[in-house]
Ligand SMILES: [Zn+2]
Ligand SMILES: [Zn+2]
């Protein structure tokens, strides 16, 4: 008879039934979990029994996993997990007992079962007592790590084969949505995931007390900043003879934000706002295209908004993002025009300041404003900008 903490299975089922009826509050969640886990062990053993009896073949199911997932509304992964546990527990009586008595949870037992299963012909190297003791002492997360460690010690070749199988499953999909947002969905192997997380964590720390972004927003910004940096460095391989870059198409009216002007078109995406256009125009190469009756009649040479000598001078002067407290170094910063280039702001040192991706966005899209005061720059938050505007002229943009 299965038991948890001295109770037999019928008592546990009674506790679960009471919980479902919302009686006898508060519920002993630990006992409830132990009961559910003991039932999972029962379920797994029963699944194994069905497999051995080939009962699932009667209704035409090719595998027990298919049969189980259809019958019980489970995913194939969950069904396969229960079958693995049911199979392995037959050979691990101490683990089975610890699971039934509530000493260890189902997830811990499952980890041990999968480890023994993965070892295949080398399963004689699986020390049940030692692994059970680890399951008793450690959390599920730590046990998962220890099982991986044990796998490598017992079967380094198998470990390598599994790692390569994981690597083959890698994928990344970037799908545009109707409204212009993009969904990223992917799977990376252990090394690739660690590399990406390390890079994103370095770039997704809060940028001061005014940074109200969620963790997810900071990670998304970090990914975009990383890609901007890779493109700005100009070291990506050429495609069709040119370095990868994003093309933005706008009209003269759109550039000057005149009323009724169409939005700018971004290649591979949807039209973007004028504020974003102004930010991108702060540091880009511009090509003039003349049209007549929608026919291209002239294409001018691409010229950089901020010339190479001016860029060098700016880098020497600012040495990185000038926002107070910002840690982004030189190569992670780009020129911002204090008076927008599109509004005839000159690309001179007196009208330029280096900002990182996040702070550049703060200025253009979030409404912060930069004021040059002698050799220093002041960054004025949106609410104070509004107050100053309400008070009338007095805010000077550039020295
Ligand atoms: Zn700018
Ligand atoms: Zn910055």
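The residues in the stretch 352-393 that are within 28 Å of residue 203 (Cβ to Cβ), out of contact with any helix residue (DSSP H, G or I) (no Cβ under 6 Å at 6 or more places or on another chain) and more than 14 Å from ligand 2 (Cβ to nearest atom) can be counted, and the count is 9. Here residue 194 passes the criteria (1) surrounded by fewer than 13 Cβ atoms within 10 Å (Cβ to Cβ); (2) at pLDDT below 95 except the one numbered (2).
Only one residue in 301, 312 is farther than 22 Å from residue 381 by Cα, away from ligand 2 (no atom under 16 Å from the Cβ) and assigned to a helix (DSSP H, G or I), so which one is that?
Working: 301 fails: assigned to a helix (DSSP H, G or I).
Sole residue among the options that is farther than 22 Å from residue 381 by Cα, away from ligand 2 (no atom under 16 Å from the Cβ) and assigned to a helix (DSSP H, G or I): 312.
For residues that are more than 20 Å from residue 255 (Cα to Cα) and without any contact (Cβ under 8 Å) to a residue 60 or more places away in the chain, scanning just the stretch 352-364, find the one that is farthest from ligand 1 (Cβ to nearest atom). Among residues in the stretch 352-364 that are more than 20 Å from residue 255 (Cα to Cα) and without any contact (Cβ under 8 Å) to a residue 60 or more places away in the chain, the one farthest from ligand 1 (Cβ to nearest atom) is 354.
Taking the criterion of being away from ligand 1 (no atom under 14 Å from the Cβ), surrounded by 14 or more Cβ atoms within 10 Å (Cβ to Cβ) and assigned to a loop (DSSP other than H, G, I, E, B), the residues of the stretch 258-287 that qualify are 261, 263, 271. Applying the condition of being touching a residue at least 24 places away in the same chain (Cβ under 8 Å) and part of a loop (DSSP other than H, G, I, E, B) to the stretch 333-351 and asking which residue is nearest to ligand 2 (Cβ to nearest atom) yields 338. Which of the residues belonging to the stretch 312-349 are away from ligand 1 (no atom under 12 Å from the Cβ), surrounded by fewer than 18 Cβ atoms within 10 Å (Cβ to Cβ), closer than 23 Å to residue 374 by Cβ and within 36 Å of the chain's Cα centre (by Cα)? If the condition is that a residue be away from ligand 1 (no atom under 12 Å from the Cβ), surrounded by fewer than 18 Cβ atoms within 10 Å (Cβ to Cβ), closer than 23 Å to residue 374 by Cβ and within 36 Å of the chain's Cα centre (by Cα), then 312, 315, 316, 317, 319, 320, 324, 325, 330 are the ones that fit. Being outside any helix (DSSP H, G or I), at pLDDT below 95 and loosely packed, with under 14 Cβ neighbours inside 10 Å is a property that residue 62 has.
Would the stretch 144-161 turn up any residue that is loosely packed, with under 11 Cβ neighbours inside 10 Å, out of contact with any strand residue (DSSP E or B) (no Cβ under 6 Å at 6 or more places or on another chain) and assigned to a loop (DSSP other than H, G, I, E, B)? Scanning the stretch 144-161, I find no residue that is loosely packed, with under 11 Cβ neighbours inside 10 Å, out of contact with any strand residue (DSSP E or B) (no Cβ under 6 Å at 6 or more places or on another chain) and assigned to a loop (DSSP other than H, G, I, E, B), so the answer is no.
The values are calculated or read from the model by the stated rules, or taken from the named source; none is laboratory data. Note that the structure is a prediction, hence the values are computed from the model and not measured. Don't worry about glycine lacking a Cβ; one is built from the backbone with ideal geometry, like all the others, and counts go over all protein chains shown.
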